[in-house]
Amino acid sequence: MVEVKIDVPEDVKFISEIDKVELSLFASRIVKEELEKIFWLSKELDKSKLTEERAKEIADEINKSLAKKYIELYGKK
């Protein structure tokens, strides 16, 4: 088993009032869920036929379209 140390910000002081076992179980569950999401996403990305170049082209098209809409909405003032 891997041990993980987490630094908690000062504004979350109430965390020190939570039982350490409960906190450990909670943290373990959250970390496991997030790692499963990352694993699933990496598997899905491996199946994708979208190239990085095509993704950039799509992003550019979206950005240009949004810019045009914002100019139409706010540029006529």
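Within region 1-9, can one find any residue that is free of Cβ contacts under 8 Å to residues at least 24 places away in the same chain, out of contact with any helix residue (DSSP H, G or I) (no Cβ under 6 Å at 6 or more places or on another chain) and in a helix (DSSP H, G or I)? Checked against the condition, which is being free of Cβ contacts under 8 Å to residues at least 24 places away in the same chain, out of contact with any helix residue (DSSP H, G or I) (no Cβ under 6 Å at 6 or more places or on another chain) and in a helix (DSSP H, G or I), region 1-9 yields no hits at all.
Restricted to region 38-63, and to residues that are among the basic types (Lys, Arg) and surrounded by 10 or more Cβ atoms within 10 Å (Cβ to Cβ), which residue is nearest to residue 5 (Cα to Cα)? That would be 56. Scanning region 18-42 for residues that are more than 14 Å from the chain's Cα centre (by Cα) and touching a residue at least 12 places away in the same chain (Cβ under 8 Å) yields a count of 1.
Values in this text are rule-based calculations from the coordinates and carry no lab data. This structure is a prediction, so every number in the text was calculated from the model and none was measured. Cβ coordinates were reconstructed from backbone atoms using ideal geometry, including for glycine residues, and neighbour counts include every protein chain displayed.
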